[in-house]
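Bear in mind these aren't lab numbers, they're just calculated from the coordinates by the rules spelled out. On a predicted model such as this, the values are computed, not experimentally measured, just so you know. Glycine gets a Cβ as well: all are built from the backbone with ideal geometry, and neighbour counts include every protein chain shown.
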Amino acid sequence: MLRWLQTSFNPLLDQDYAKVDLYPEHHRERIDKIAAWLASDLNIGVYKAGFAPDQETYDKNVIPVFGALNKLEKLVAENGGPYVLGKELTELDILLYCTAIRFDVVYHEHFKCNLGSIRHDYPVLNNWMRHLYWSVKGFRETTDVKHIKENVSSLWSMCAASLLICNQYTKSHPGINPKAITHMGPYPDVEEGYEEDFSKLQPGEIRLPAVLEHEKTLQT
């Protein structure tokens, strides 16, 4: 669907939007390699941990989430930002943003993905996310943090086109949050400020041995 949306509405769009290519030929091999584990370990991984029916399943599935975040933190730093692969916005930024923007405000609390947080443990990813949210058209406009917490997840921003992905969180997961109380924090929803020079940022990581071992298995 992400690939389909990139081109399907081009005849209806202004030329500036129609020419946007989030899956450029020269990056396709790398995008395919990274997207495979980004989706399975992070995008889907938070749900595997959050809906785990027992301790053993949770323990197993929360590890890849942070292995992926560790890897992505280093990847963005190595490429110098402001996007995952460097100077070009690609579908990897869309895939990562959808989970990163929800991570501290929902997944950290609601899904018990609390080995670390974006804003406290991953300064490079936090800087990357702040840049998208505050500076790149289409991201802030299609993100509603109140809906993320209560009823509807953040929007999959695709610049001119966006796809609403509906997921129920604090108000409709009685098995996880039986009293449907929505947490206030963290505050602010997305921190302001952006460091243009990514080389000034020291990449962070979660140093739990199992996380570090999983990180080693991820190819870029």
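Quick rundown of the values:
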item	result
The chain: most fluctuating residue of 207, 140, 130 per GNM, C-alpha cutoff 10 Å	207
Derived scalar couplings ³J(HN,Hα) [region 58-74; Karplus, 6.51 cos²θ - 1.76 cosθ + 1.60; whole Hz; x for Gly, Pro]	4, 4, 5, 8, 6, 4, x, 4, 7, x, 5, 5, 4, 5, 5, 4, 6
Segment residue 16-residue 199, length gained on full extension (0.36 nm per residue, minus Cα span)	62.8 nm
Within the chain: Cβ-based charge dipole about Cα centre, in debye rounded to nearest 20 (Lys, Arg +1; Asp, Glu -1)	420 debye
Loop-located trypsin sites (Lys or Arg not before Pro) in region 24-119 whose Cβ has at most 15 other Cβ within 10 Å (DSSP)	87, 112
Residue (of 31, 1, 204) at the positive-pole extreme of the chain, dipole from beta-carbon charges	1
Amide H contacts of residue 86 (H built 1.01 Å from N, under 5 Å, at least 5 apart or other chain)	81
Potential extension, residue 137-residue 213 segment - 0.36 nm per residue separation minus Cα distance	23.7 nm
Summed residue charge, Cβ within 14 Å of residue 188's Cβ, Lys/Arg positive, Asp/Glu negative	+1
More than 33 angstrom apart: percent of Cα pairs within the chain	13 percent
Dipole of the chain, positive direction: furthest Cα of 127, 76, 142, with charges on the beta-carbon	142
Under-5 Å amide H pairs with residue 204, H placed in peptide plane, nonlocal only	124
Listed peptides 18-24, 193-199 by packing density, highest first (mean Cβ within 10 Å)	18-24, 193-199
